[in-house]
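S.K.: I'd like to ask some things about the structure below.
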Ligand code: 13P
Ligand code: SF4
């Protein structure tokens, strides 16, 4: 009897599929993926892919972004209900009304958003590209949606720009409190604090480093420090323990788990590849409208 992993490898070859996994996925999913990425790298890999089928192990906005960047490919999301609550906090009408109030501003849309929201934005960003993108824009006024915490971080780093925020947030990162920080500090007083910019500003004030998922991993691996407190999804600290067993990694709170990212299981990938289940289908007009802002993001160096 072949194992689930062996079945996936066989199906992948047979169907000419590429499997992209986000770092927050379960370890067994990461192990069978062709690439394990943060959300920027996932979009970049998707835009360069030559395989016929892209299997996106992540949440819906990641699969939609892969489809928008590859309209002729089959894009599969193995678990249909893997969503991102932050992406559901904003709709296109919110942006249209912000534009009316700030007609001079450029709209920068975090990739954690629906295609319809990307379609009415000027450019997308991820947590690893937000600073680069806002700096590169000629406009001084920027409407930043939907993550108010990432937007506030950008505003803090680029004071010469006026950042207009929208009140969206990631329920998982936003849940971390200053009390969590202080209690982690008391437990590990010499640890470096590495944080994701989706955390609240008052929490980020304690960070030794702020960056995207891959930025946190790279920083921890390159650092000469021995102990780290990781303020992002628990899978990152778990993964780092395997990558650098000589160092110590602690998650800032044991509540740090994204349930949607944990929905994908090996059996879902098999079913998806066998039956083309949960293919991402979008209207061509929707793809064209959203493509510009995503392609602009991938193009900014
Ligand atoms: P990254 O851009 O760091 O991959 O983050 C994606 C995400 O959903 C964070 O919650
Ligand atoms: Fe969305 Fe937060 Fe989960 Fe990331 S961690 S996918 S922002 S809910």
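S.K.: Within segment 69-91, can you find the residues that are more than 18 Å from the chain's Cα centre (by Cα) and over 25 Å from residue 172 (Cβ atoms)? Give the derivation first.
M.R.: Of segment 69-91, the ones more than 18 Å from the chain's Cα centre (by Cα) are 70-74, 91.
70, 71, 72, 73, 74 - these are the residues of segment 69-91 that are more than 18 Å from the chain's Cα centre (by Cα) and over 25 Å from residue 172 (Cβ atoms).
S.K.: Would you check if there is a residue in segment 279-286 being under 28 Å from residue 123 (Cα atoms) and within 16 Å of ligand 2 (Cβ to nearest atom)?
M.R.: There is no residue in segment 279-286 that is under 28 Å from residue 123 (Cα atoms) and within 16 Å of ligand 2 (Cβ to nearest atom).
S.K.: Please identify the pairs in which a residue from segment 23-37 that is without any contact (Cβ under 8 Å) to a residue 24 or more places away in the chain and at negative phi has its Cβ atom under 8 Å from the Cβ atom of a residue that is surrounded by 21 or more Cβ atoms within 10 Å (Cβ to Cβ) and assigned to a loop (DSSP other than H, G, I, E, B), counting only partners at least 6 apart or on another chain.
M.R.: If the second residue must be surrounded by 21 or more Cβ atoms within 10 Å (Cβ to Cβ) and assigned to a loop (DSSP other than H, G, I, E, B), the pairs left are 36/23; 36/25.
S.K.: From 83, 58, which residue is within 12 Å of ligand 1 (Cβ to nearest atom) and surrounded by fewer than 22 Cβ atoms within 10 Å (Cβ to Cβ)?
M.R.: Working: 58 fails: surrounded by fewer than 22 Cβ atoms within 10 Å (Cβ to Cβ).
Result: 83 is the single residue among 83, 58 that is within 12 Å of ligand 1 (Cβ to nearest atom) and surrounded by fewer than 22 Cβ atoms within 10 Å (Cβ to Cβ).
S.K.: Looking only at segment 33-51, which residues are more than 16 Å from ligand 2 (Cβ to nearest atom) and at pLDDT below 95? Explain how you work it out, then say what you get.
M.R.: We begin by selecting, within segment 33-51, every residue more than 16 Å from ligand 2 (Cβ to nearest atom); these are 33-35, 44-51.
Once the filter is applied, which keeps residues that are more than 16 Å from ligand 2 (Cβ to nearest atom) and at pLDDT below 95, segment 33-51 yields 44, 45, 46, 47, 48, 49, 50.
S.K.: Looking only at segment 87-100, filter to residues that are over 24 Å from residue 279 (Cβ atoms) and within 16 Å of ligand 1 (Cβ to nearest atom); which one of those is surrounded by the fewest Cβ atoms within 10 Å (Cβ to Cβ)?
M.R.: So, considering only residues that are over 24 Å from residue 279 (Cβ atoms) and within 16 Å of ligand 1 (Cβ to nearest atom), the one surrounded by the fewest Cβ atoms within 10 Å (Cβ to Cβ) is 89.
S.K.: Please give the number of the condition residue 195 fails out of (1) under 20 Å from residue 126 (Cα atoms); (2) surrounded by fewer than 21 Cβ atoms within 10 Å (Cβ to Cβ).
M.R.: Result: residue 195 fails condition (2) only.
S.K.: A further question on this structure: Within segment 251-264, which residues are more than 11 Å from ligand 1 (Cβ to nearest atom) and closer than 21 Å to residue 178 by Cα? Walk me through it before giving the result.
M.R.: We begin by selecting, within segment 251-264, every residue more than 11 Å from ligand 1 (Cβ to nearest atom); these are 251-255, 257, 259, 262-264.
Once the filter is applied, which keeps residues that are more than 11 Å from ligand 1 (Cβ to nearest atom) and closer than 21 Å to residue 178 by Cα, segment 251-264 yields 251, 252, 253, 254, 255, 257.
S.K.: In this structure, does residue 226 turn out to be under 21 Å from the mean Cα position of the chain (by Cα), away from ligand 1 (no atom under 16 Å from the Cβ), over 20 Å from residue 200 (Cα atoms) and touching a residue at least 12 places away in the same chain (Cβ under 8 Å)? Walk me through it before giving the result.
M.R.: On the way: under 21 Å from the mean Cα position of the chain (by Cα): no; away from ligand 1 (no atom under 16 Å from the Cβ): yes; over 20 Å from residue 200 (Cα atoms): yes; touching a residue at least 12 places away in the same chain (Cβ under 8 Å): yes.
Spelling it out, it is not the case that residue 226 is under 21 Å from the mean Cα position of the chain (by Cα), away from ligand 1 (no atom under 16 Å from the Cβ), over 20 Å from residue 200 (Cα atoms) and touching a residue at least 12 places away in the same chain (Cβ under 8 Å).
S.K.: Sticking with this one: Of the residues that make up segment 235-250, is at least one touching a residue at least 24 places away in the same chain (Cβ under 8 Å), within 16 Å of ligand 1 (Cβ to nearest atom), under 30 Å from residue 180 (Cβ atoms) and in contact with a strand residue (DSSP E or B) (Cβ under 7 Å, 6 or more places away or on another chain)?
M.R.: Yes, there is a match, as at least one residue in segment 235-250 is touching a residue at least 24 places away in the same chain (Cβ under 8 Å), within 16 Å of ligand 1 (Cβ to nearest atom), under 30 Å from residue 180 (Cβ atoms) and in contact with a strand residue (DSSP E or B) (Cβ under 7 Å, 6 or more places away or on another chain).
S.K.: Would you pick out the residues in segment 65-79 that are under 18 Å from residue 17 (Cβ atoms) and buried (at least 16 other Cβ atoms within 10 Å of the Cβ)? Before you say what the answer is, go through the steps one by one.
M.R.: First pass over segment 65-79, keeping only residues under 18 Å from residue 17 (Cβ atoms): 65-67, 69-79.
The answer is 65, 66, 67, 69, 70, 73, 74, 75, 76, 77, 78, 79.
The values are calculated or read from the model by the stated rules, or taken from the named source; none is laboratory data. What you are looking at is a predicted structure, and each value in this text was computed from that prediction instead of being measured. Every residue, glycine as well, gets a Cβ built from its backbone with ideal geometry; the counts of neighbours run over all protein chains shown.
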